[in-house]
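Peer 1: Pasting a structure here, questions to come.
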Amino acid sequence: MIYRLKRTLIQALLLALFCGYFLASPGSAQRRDFMTDEEIELIRDSQDIDARMDVITRMIDRRFGVLGIDAGGWKQGQKTSGEWGEPPKGSRLELLSDIKKLLLKAIDDIDNLASHPDSAPIREKGDKEAKKDPQRFSVAVRKLGQAAGRYLPVFRAQLDNSNDDLEKGLLLDSIDYSNQIIEAVGKLTPEVKKK
């Protein structure tokens, strides 16, 4: 009798765990994306690497703005609010995580183009944008390097003021990514000034 009672309790417990697992599946939980819907469209529309780096750095600057941190970058005006949509939402930790992910996306996009130069947009011969194509890669890396140079002191200041280990980890990763970007700029051939 006691054996049957134990077996019934174990079966009931297993059934409850089984049902709980499927009812609380990842499909029912909403996952937060590190880009807003409007930002995703802007990235999708920015096929040229230099334009894409502009979009990504503006996305990072938007998150700094939401956090109330002046990173010396782009500030969204009312004229651009339709194109960019509402400012990103999230906790401090989520927005810092977004910044880290955006830096990594920028690095990945640059690395992908460096590894596969033939993946750049193909233009018709008469397209006036085609003239800029040979310089786009170095322009994009330099623009990203300038932004990383702006972000580094901000990340360091935030790191010094942080007491949260998760936040410190995000900031340390962002510092590392910024240093990698600045190092990559140093590997480019020197820029020739036009007279």
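Readers should treat all values here as calculations from the given coordinates under stated rules, not as data from a laboratory. Treat the numbers as computed from the prediction; the structure is a model and nothing was measured. A quick note on method: Cβ atoms are made from the backbone with ideal geometry, for glycine too, and the neighbour counts reach across all protein chains shown.
Peer 1: Counting other beta carbons within 10 Å of each residue's own, what order do 160, 98 fall into, fewest first?
Peer 2: 160, 98
Peer 1: Taking the beta-carbon count within 10 Å as an exposure proxy, list 189, 57, 36 from fewest neighbours to most.
Peer 2: Placing the least packed residue first, the sequence is 189, 36, 57.
Peer 1: Find out how many positive minus negative residues lie around residue 138, taking Lys and Arg as positive, Asp and Glu as negative, among other residues whose Cβ is under 10 Å from that of residue 138.
Peer 2: Working: positive: 136, 142, 143; negative: 50, 191.
Once all neighbours under 10 Å are counted, the net charge is +1.
Peer 1: Could you list, in their original order, any pairs among 75/168; 89/143; 100/187; 105/143; 75/187; 101/168 whose Cα atoms are separated by more than 20 Å?
Peer 2: The pairs that break the limit, which is 20 Å between Cα atoms, are 75/168; 89/143; 100/187; 75/187.
Peer 1: Across region 84-100, in residue order, what do the Karplus-derived ³J(HN,Hα) couplings come to in whole Hz, using 6.51 cos²θ - 1.76 cosθ + 1.60 with θ = phi - 60° and x for Gly and Pro?
Peer 2: These are the phi-based 3J(HN,Hα) values: 8, x, 5, x, x, 10, x, 6, 4, 5, 5, 5, 5, 5, 4, 4, 4 Hz.
Peer 1: Would you order 60, 182 from fewest to most other beta-carbon atoms within 10 Å of each residue's own beta-carbon?
Peer 2: 182, 60
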